[in-house]
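S.K.: After the structure tokens below, expect a handful of questions from me.
Derivation of every value follows stated rules applied to the coordinates shown; laboratory data play no part. Quantities reported herein were computed from a predicted structural model and do not represent experimental measurements. When we count neighbours, we look across all protein chains shown, and the Cβ atoms used for this are built from the backbone with ideal geometry, even at glycine.
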Amino acid sequence: RPSFRMVRLSFERARLALALTLLGVAQGYAPPSRAAWRADASPARASVHASTPMVPFKVPNSQYSQWVGVYDRMARERILFLGSPLDDTVTNGLIATLLFLENEDRKAPVNLYVNCPGALTKSGFALYDTMRTMAFPIGTLNLGMCAHMGAFICAAGTPGRRTTLPHSRYVLCSPSIVMPEKGEMPTMQAEDIKFEVAEVLKDRDRLVQGYSVLTGQSQAVVQQRLKRDSYFDAEEAKEWGLVDHILQPKTGNKAKSGDAGGFGAFNSAALRVEVTTGGGGGGRGGSGGEYEPQTA
């Protein structure tokens, strides 16, 4: 039989839990039910919360699989995605992944798929400098829209490995003063404003020099383009030197697995076996080899 001391201790714990619950309700917090916890633990619910598709991944040297984000899964195949504005957080994640992949294999290439509507100038230069220090080649692919530093990063891939889809766009922009989220101009002294403007002009000069090196255009031509936002389609970007190849849909007998463009191709031999056994894709994650690089 439970002793009086144990019963009293249980009662005190229950009273403390009730008091904490009432305090939380008074502050607007509602504890989740058991059903809610079970629903949140499911892979489908987790993918909804994270807004990222979940795919099975078999851990090496293990007979069990686990659910991981599709971007994490593709990173294991040395395919990285830049699909959001490039701020400090996104930049730090990409830099950390590049450093890890270099430590894992210094020779295997890495592909960076870009669909970036904009970026902070300093963050873009941080990623650009890191890409230049990597021992492996880095291929870039413009999936849709690369604006400002997104276009710069896409053009900074290893020469011969910079590709774009046919309907992608590039937008070249000049750096500007970063405004707060509320859009209100911070109160600064005239001397501080002068320093801010001088730093933006230095960033613009760095951007002009970088584009000149990456595209082969003269600095005068680049500077003229950066006076206003300049839009390039795939063909114009190729002519201007922002990209090397345009991926075109394959037709006829060319439409087979293992295309030369390697769009979405996984490098892992184990994964190729899994995909082939699953009955589709030919080692390309189900894409079936639909694109080829346009070299003409």
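S.K.: Holding the Cα-Cα limit at 29 Å, pick out from 202/238; 107/238; 107/227; 58/122; 58/238 the pairs that are longer than that.
M.R.: Correct reply: 107/227; 58/122; 58/238.
S.K.: Another question about this same structure. Given H placed on each backbone N at 1.01 Å, which residues far from residue 145 in sequence or on other chains put an amide H within less than 5 Å of it?
M.R.: Distant-sequence amide H within range of residue 145: 116, 169.
S.K.: When the chain is fully extended, how far beyond the present Cα-Cα distance does residue 107 get from residue 132, taking 0.36 nm per residue of separation?
M.R.: 7.6 nm
S.K.: Now for a different question. Using 1/(1 + (r/R0)^6) with R0 = 35 angstrom and r between the beta carbons of residue 209 and residue 189, what's the FRET efficiency to the nearest 0.05?
M.R.: 0.70
S.K.: Mean projection of the alpha-carbon convex hull of region 76-115 over all orientations, in nm²?
M.R.: Answer in nm², one decimal: 2.7.
S.K.: Something else now. Evaluate E = 1/(1 + (r/R0)^6) for residue 228 and residue 59, where r is the Cβ-Cβ distance and R0 equals 45 Å; express this FRET efficiency to the nearest 0.05.
M.R.: With R0 = 45 Å, the Cβ-Cβ based efficiency is 0.30.
S.K.: Using θ = phi - 60° and the Karplus curve 6.51 cos²θ - 1.76 cosθ + 1.60, what whole-Hz ³J(HN,Hα) does each residue of region 238-245 get, with Gly and Pro shown as x?
M.R.: Working through the residues one at a time gives 5, 5, 7, x, 7, 9, 9, 9 Hz.
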